[in-house]
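K.L.:
A single structure is presented below for examination.
The values are calculated or read from the model by the stated rules, or taken from the named source; none is laboratory data. Bear in mind that the values here come from a model prediction, so they are computed numbers and not experimental data. Because the Cβ atoms are built from the backbone with ideal geometry, glycine has one as well, and the counts that use them run over all protein chains shown. Calculation scope for accessible area: heavy atoms of the full protein, side chains included, ligands and nucleic acids excluded. Shrake-Rupley method; radii C 1.70, N 1.55, O 1.52, S 1.80 Å.
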Amino acid sequence: MKAFEYAEARTEAGVLELLSAEPGKTELLAGGTDLIGLMKKMIVTPDRVVNIMEIPSLKVIEPTAEGGLVIGAAVTLDDLLENDYVREYPALVQAIRGINSMQLQAQGTLGGEVCQRPRCWFFRNGHGLLAENGTLAAEGDSRYHAVFGNQGPAKFVSSSRTAPALIALGAHLRVLGPAAEDESFLPLSEFYRAPRQAGQREHVLEPRQWVTHIVLPPPGDQHNATYEVRDSEGPAFPLAAAAARLELAGGVVRQAQIVLGQVAPTPWVSQVAADVLRGLPVTPATAEAAGQAAISEATPLPGNQYKVQLAKVAVKRAVLLAAGLETGGF
Amino acid sequence: MAEVKYSWPSRDDSRVIGQSVDRLDGLAKATGAAKYTYDINPKNLLIAKALGCPHAHCRIKSIDTSAAEKTRGVVHVEILKEAGSEIEFQGELIAVVAAESEGAAIEGRAALKVQYDVLDTFTSDEDLAAAEQAGRTSKAGGKAQTEREPGDDDDEDEFIEKEIDRLLKESAHVVEGYYGVDAITHCCLEPHGSTVEWKDGKLEAWLSTQNVSGTDDGFARDLELTADDVNVYCEYIGGGFGSKFAPDYWGISAARIARATGRPVKFMLDRDQELKIAGNRPSGYIKVRIGADENGVVKVWDSVHWGTAGFTGGGVSHTVIPYVLVPKNYRRNATAIKTNNSQARAWRAPNHPQACAMSQTAFDDLAAKMGKDSYDVFLANLKAGNVDSQQQPAVYIAEMEIGAKLIDWKAKWHPHGKGQPRGSIVDGLGMALHTWGGVANDSTCQLKIYPDGGVESFCGTQDLGTGTRTVCAMVLAETFGLKVNQVKVNIGSSKFPNSGASGGSTTVGAVTESHRRASQDALAKIFDLASQELQADAGSLEAVDGMIRVKGSPNQAITWKKACARLGMKPLEVSASHKRGDASPLSSSGVGGIQMAHVEVDKETGVVKIKKFVAVQDQGLVINPKTCKSQIYGAVIMGIAFALHEQRINDPQTGAFINAELADYKLPRLGDVGEIVVELYEPEDQRSRGVIGNGEPPVISPGAAISNAVCNALGVRVPVLPLTPQRVLEAITKQASRA
Ligand SMILES: Cc1cc2nc3c(=O)[nH]c(=O)nc-3n(C[C@H](O)[C@H](O)[C@H](O)COP(=O)(O)OP(=O)(O)OC[C@H]3O[C@@H](n4cnc5c(N)ncnc54)[C@H](O)[C@@H]3O)c2cc1C
């Protein structure tokens, strides 16, 4: 670990005063479960770390006037699991449960979960996020890499497990900075990006921009779910995942949001899968068709063809669960 | 004093042996009071961190340590590999930085400037043709045996070739299979390393080791000292599995740095270094043809296998192929492959887990081909005497019967691929069997009985977490008629009398030998003293419930304390030893065991789950059923790990070991292991053999048993372990495209 300065902010405004305008010089510290590991391996080497865990406004879970929910970035995953309002969003609860580690749930925050860095083993072994302009993953072992949206140099997968659910549910981020007076509400679906050049991050925040809250619209009728294909009950990342939110009326799907996780450099919103469902009842066959449609956009690398099948199954099962049906699998 | 006849009490006469006793150090471990090497922090300590080579194959062009030396907090830099050295695997330690804190050491390490000439790498150990083309292979032995002998004029190879062909042609059933197991690492939770300190020219070393009594010489040799100038301590160890027998070059480096700086030094490997350089198990892949008669009795086996034990070549020994079930006619040949990986180390039952997974899968495929119950095919081969094992076929058969009941085999069995699916989930059963030696190692126990009745033993053994301490105390308590908490066991120091390294399942035999012998010798002396007071023949006495009493007349007794008071001023000191290989009434060797797995497979995702796992194991006389069973639970979990999760992944482009982190190096969690049922097989004919180690045998069968269960579920063999979702789906797809 590189020697660094530890700073602690007590207010939202105080954070900005401590953040540098130069990329990589300062990092926010929430639960630290991801950041500290990255610093120990010197993948991230900030001069200053800014703790945001002592800011009271970041610890709230509050209903909004419209019937939605505001969640502070420093709320722990455990607190979310225990909250009655959050229970109205099954897709989110299922995603957090899936993390399956008391330690991570007790220490990790929702802000940190959404902002965590990719697990790509080339990145984590010091080759940078694009890992030699994508060649390491394209020509090397890519079993856990992207099968969608991977034509550019970014081949890693977005790691957040709550993001597919949050995007399907229509979440926004409240972002502050870079200037003291700057406040914006960014749809989470526009937060992530596949970087094209070395040095770019996997999200659109500029230095001195940061996330204070996650804002959810009203829960609606709760026809939403997350399904993850996991090879272990431990805190291992899924091989593929999907979140689905359905608006059902008269037994048929009026609107659908399908978002895949762990398959692309960003959470992957599948419009084609949603389109297939519109106007149809949810059955194993229509859910399968949605999965099939989703993978029509897949572009697997030589080493990860199998993930296409997993993506299909994840979509199918998320849709079935959202409609309250059995998945037929684990 | 009459000559002491060493023996174990009968089942009925045993008061402590055979009872489940909690580990004596359980509480200390659970509360953190137990001090592991990592926890030893002498005053003024320096922390050492080493730079591991980032490349799988390279030559060091230059090393510049000047910036590292100038880093704040850095006290000493030592180069381990000079410029010009060829490095043949990723992670090899190049230079060490010792500093005032861990952070400073890591920063100093990052400031080391090393230039490399990167060389070609080869790590594709599964691909024999590629290895041959790369000139990386060498013959690794083999053997052929046929019932018919070649005539005097026959060319032997030609004869064998013809004979094997003939036997295969005449077989009612022929199976051609491909199976394998990837390399895994030891992945000790506590990495390798030591904390060392020089005191008056002598080295004090707290070393995470399986070999307390043997590593003082290890340090001494490399530091040009004598073993009496080195004390090694290891009270607790966080995993070794066969990889922690020596100080290793990083231990020696720690001692050198401590000498150079005059300060204590702690040098533990980083997690990735632990996985990359501190121990791995060779991979093995096999192509085999077997021929069987109409009853499934295998008549001929013909195999070639290959694999790697790292940059030196090596692999799975041919001597254990085929495994336990061995037909009368066989030919086996092995090829070693040199890959750019660190050299393998002994891993729990070296060679056996891979051999089992590469052989008994073929027997299961034979059952599948015949549409027969795998249990019946295993049984037919045992009954036909197709066995090369350190245990008797009859014992396996008895153990299979027990296992079958516990897993409800007959009711749950269905022919391969013919189970009733629930949605996309299918279930299946599989079994395997194994053997191991487990002979008692050398061990000396020094025993002190104090005039106040205190009992204390000293023995240079180590407790790998398996309950060695507890077993020693149980033996002493049994002999003296005391409670386990009334005796004190001292282990984990090379100052204590020599006891063998804990490898090869040799420890429980070793320490129970020395502790029983010493305690029986001491008891005879106490009996002599007590006999005067009791006015009875020493031979008529027994030690029970804290009393020395006359057999058959329990009122004629004095307390243990009172008997010991007769020692006078000085404690009674007794030493007794066992020598490995000496015949003894207390221990022997050669065990067997059978294991059965019940799995579920999700055909759409390829995910495999263990529903239930049954292990039936014999190990002679069981001292402590609780720790004995724990050992088997742990082994089964470790087996599930390599069957479903664990693998070393070398990036094919760079040769890098890219999953050398616990986040990426997959291991099962409690939720992944299903219900594990352990049955200790200890009828009188096994118990009377004395103590035999069981540390390794139960880890052998899980790979084959689980692979067979998955094959039974799917009707498709997923050839290579671990059975990841990727591999399961690929096998299903391949089968579908063939059909
Ligand atoms: C062994 C292991 C297993 C894991 N398994 C999982 C898993 O199964 N699923 C999973 O989702 N995660 C997993 N993680 C990753 C991670 O620890 C969690 O996602 C956690 O929720 C991150 O939250 P944190 O508060 O600890 O984040 P931190 O480590 O504090 O921060 C993570 C990143 O986000 C940035 N950040 C934090 N807060 C903000 C903010 N408000 N605005 C802008 N940037 C911010 C930080 O600077 C840092 O770059 C695992 C981690 C480990 C070590």
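K.L.:
Sort through B:Ile402, B:Ile449, B:Ile425 and tell me the only one that's buried (at least 23 other Cβ atoms within 10 Å of the Cβ) and out of contact with any Ser or Thr (no Cβ under 6 Å at 6 or more places or on another chain). So that I can check it myself, show each step before the final result.
P.N.:
Numbers: B:Ile402 fails: buried (at least 23 other Cβ atoms within 10 Å of the Cβ); B:Ile425 fails: buried (at least 23 other Cβ atoms within 10 Å of the Cβ).
When all the criteria are applied, what remains is B:Ile449.
K.L.:
Among the listed residues A:Ser160, A:Ser101, identify the single one that is within 14 Å of another protein chain (Cβ to nearest Cβ), near the ligand (Cβ under 10 Å from one of its atoms) and among the polar types (S, T, N, Q). Reasoning before the result, please.
P.N.:
Values: A:Ser160 fails: within 14 Å of another protein chain (Cβ to nearest Cβ).
Testing whether each residue is within 14 Å of another protein chain (Cβ to nearest Cβ), near the ligand (Cβ under 10 Å from one of its atoms) and among the polar types (S, T, N, Q) leaves just A:Ser101.
K.L.:
Does A:Asp221 meet the test of being more than 14 Å from chain B (Cβ to nearest Cβ) and modelled with pLDDT under 95? Explain how you work it out, then say what you get.
P.N.:
On the way: more than 14 Å from chain B (Cβ to nearest Cβ): yes; modelled with pLDDT under 95: yes.
Spelling it out, A:Asp221 is indeed more than 14 Å from chain B (Cβ to nearest Cβ) and modelled with pLDDT under 95.
K.L.:
Determine whether the range B:698-713 contains at least one residue that is crowded, with 24+ Cβ neighbours inside 10 Å and either part of a loop (DSSP other than H, G, I, E, B) or among the basic types (Lys, Arg) (or both). Outline the logic, then answer.
P.N.:
Within the range B:698-713, the first condition is being crowded, with 24+ Cβ neighbours inside 10 Å, and the residues that meet it are B:698-713.
With the extra rule that they be either part of a loop (DSSP other than H, G, I, E, B) or among the basic types (Lys, Arg) (or both), the set shrinks to B:700-701.
Yes, the range B:698-713 contains at least one residue that is crowded, with 24+ Cβ neighbours inside 10 Å and either part of a loop (DSSP other than H, G, I, E, B) or among the basic types (Lys, Arg) (or both).
K.L.:
Evaluate the following for A:Ile36: is it within 14 Å of chain B (Cβ to nearest Cβ), within 13 Å of the ligand (Cβ to nearest atom), open to solvent by 20 Å² or more (accessible area, probe 1.4 Å) and in contact with a strand residue (DSSP E or B) (Cβ under 9 Å, 6 or more places away or on another chain)? Break it down stepwise before answering.
P.N.:
Details: within 14 Å of chain B (Cβ to nearest Cβ): yes; within 13 Å of the ligand (Cβ to nearest atom): yes; open to solvent by 20 Å² or more (accessible area, probe 1.4 Å): yes; in contact with a strand residue (DSSP E or B) (Cβ under 9 Å, 6 or more places away or on another chain): yes.
Yes.
K.L.:
Which ranges mark the strands (runs of 3 or more DSSP E) fully within the range B:144-227 that have 3 or more residues being within 36 Å of the chain's Cα centre (by Cα) and farther than 27 Å from B:Pro322 by Cβ? If you could, list the steps in order and put the result at the bottom.
P.N.:
On the way: elements: B:173-181, B:193-199, B:202-207.
By residue number, B:193-199, B:202-207.
K.L.:
Next up: Quick check on A:Val60: is it open to solvent by 10 Å² or more (accessible area, probe 1.4 Å), within 14 Å of the ligand (Cβ to nearest atom) and not small (Gly, Ala, Ser)? Show your work before the answer.
P.N.:
Values: open to solvent by 10 Å² or more (accessible area, probe 1.4 Å): yes; within 14 Å of the ligand (Cβ to nearest atom): yes; not small (Gly, Ala, Ser): yes.
Answer is yes for this residue.
K.L.:
Further, regarding this structure: Can you name the number of the only condition in (1) assigned to a loop (DSSP other than H, G, I, E, B); (2) of a type in the set (Ser, Thr, Tyr); (3) over 24 Å from A:Val93 (Cβ atoms) that A:Ser158 fails?
P.N.:
(3) is the only condition that A:Ser158 fails.
K.L.:
Pull up the range A:105-122, narrow it to residues that are within 11 Å of chain B (Cβ to nearest Cβ) and open to solvent by 10 Å² or more (accessible area, probe 1.4 Å), then point me to the one that is nearest to A:Leu38 (Cα to Cα). Step through it out loud before you land on a result.
P.N.:
First, the residues of the range A:105-122 that are within 11 Å of chain B (Cβ to nearest Cβ): A:119-122.
Imposing the further condition that a residue be open to solvent by 10 Å² or more (accessible area, probe 1.4 Å) reduces the set to A:119-120.
On the way: A:Arg119: 10, A:Cys120: 12 Å.
So, considering only residues that are within 11 Å of chain B (Cβ to nearest Cβ) and open to solvent by 10 Å² or more (accessible area, probe 1.4 Å), the one nearest to A:Leu38 (Cα to Cα) is A:Arg119.
K.L.:
Looking at B:Leu729, B:Leu667, can you tell me which residue is outside any loop (DSSP other than H, G, I, E, B) and open to solvent by 10 Å² or more (accessible area, probe 1.4 Å)?
P.N.:
Working: B:Leu667 fails: outside any loop (DSSP other than H, G, I, E, B).
From the options B:Leu729, B:Leu667, the qualifying one is B:Leu729.
Okay, residues lined up against (1) within 16 Å of the ligand (Cβ to nearest atom); (2) away from chain A (no Cβ under 11 Å):
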residue: B:Pro652; (1), (2): no, no
residue: B:Ile658; (1), (2): no, no
residue: B:Ala663; (1), (2): yes, no
residue: B:Val677; (1), (2): no, yes
residue: B:Leu680; (1), (2): no, yes
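K.L.:
In addition: Tell me, which strands (runs of 3 or more DSSP E) wholly within the range B:260-374 include 3 or more residues that are in contact with an Asp or Glu (Cβ under 8 Å, 6 or more places away or on another chain)? Break it down into steps so the answer makes sense when it comes.
P.N.:
Numbers: elements: B:265-268, B:284-292, B:298-307, B:329-337.
Because the criterion is at least 3 residues that are in contact with an Asp or Glu (Cβ under 8 Å, 6 or more places away or on another chain), the strands (runs of 3 or more DSSP E) in the range B:260-374 that meet it are B:284-292, B:298-307, B:329-337.
K.L.:
In the range B:589-640, what residues are within 14 Å of chain A (Cβ to nearest Cβ) and closer than 19 Å to B:Gly18 by Cα? Working first, answer last.
P.N.:
Filtering the range B:589-640 down to residues within 14 Å of chain A (Cβ to nearest Cβ) leaves B:599-611, B:637, B:640.
Answer for the range B:589-640, where residues must be within 14 Å of chain A (Cβ to nearest Cβ) and closer than 19 Å to B:Gly18 by Cα: there is none.
K.L.:
Now, a different point. Could you check A:Gly128 against (1) within 15 Å of the ligand (Cβ to nearest atom); (2) farther than 19 Å from A:Pro302 by Cβ and say which number it fails?
P.N.:
Condition not satisfied by A:Gly128: (1).
K.L.:
If a residue has to be of a type in the set (Lys, Arg) and away from chain A (no Cβ under 14 Å) to count, how many in the range B:709-735 make the cut? Lay out the reasoning, then the answer.
P.N.:
First pass over the range B:709-735, keeping only residues of a type in the set (Lys, Arg): B:717, B:727, B:734.
After this cut, where a residue has to be away from chain A (no Cβ under 14 Å) as well, the list is B:717.
The total comes to 1.
K.L.:
Shifting gears a bit: Just for the range B:74-102: of the residues that are open to solvent by 30 Å² or more (accessible area, probe 1.4 Å) and within 14 Å of another protein chain (Cβ to nearest Cβ), which one is farthest from the chain's Cα centre (by Cα)?
P.N.:
B:Glu100
K.L.:
Go through B:Ser208, B:Ser194, B:Ser213 for me and flag whichever is of a type outside the set (A, V, I, L, M), under 30 Å from B:Ala309 (Cβ atoms) and touching a Cys at 6+ places or on another chain (Cβ under 8 Å).
P.N.:
After ruling out the rest, the residue left standing is B:Ser208.
K.L.:
Let me ask something additional. Considering only residues that are without any contact (Cβ under 8 Å) to a residue 60 or more places away in the chain and either within 12 Å of the ligand (Cβ to nearest atom) or within 14 Å of chain B (Cβ to nearest Cβ) (or both), which ones fall in the range A:80-98?
P.N.:
Just the residues of the range A:80-98 that are without any contact (Cβ under 8 Å) to a residue 60 or more places away in the chain, to begin with: A:80-87, A:93, A:97.
Once the filter is applied, which keeps residues that are without any contact (Cβ under 8 Å) to a residue 60 or more places away in the chain and either within 12 Å of the ligand (Cβ to nearest atom) or within 14 Å of chain B (Cβ to nearest Cβ) (or both), the range A:80-98 yields A:Leu80, A:Arg97.
K.L.:
Additional query: Sort out which residues of the range A:130-152 are open to solvent by less than 20 Å² (accessible area, probe 1.4 Å) and away from chain B (no Cβ under 14 Å), and write them in order of number.
P.N.:
If the condition is that a residue be open to solvent by less than 20 Å² (accessible area, probe 1.4 Å) and away from chain B (no Cβ under 14 Å), then A:Leu130, A:Ala146, A:Phe148, A:Asn150, A:Gly152 are the ones that fit.
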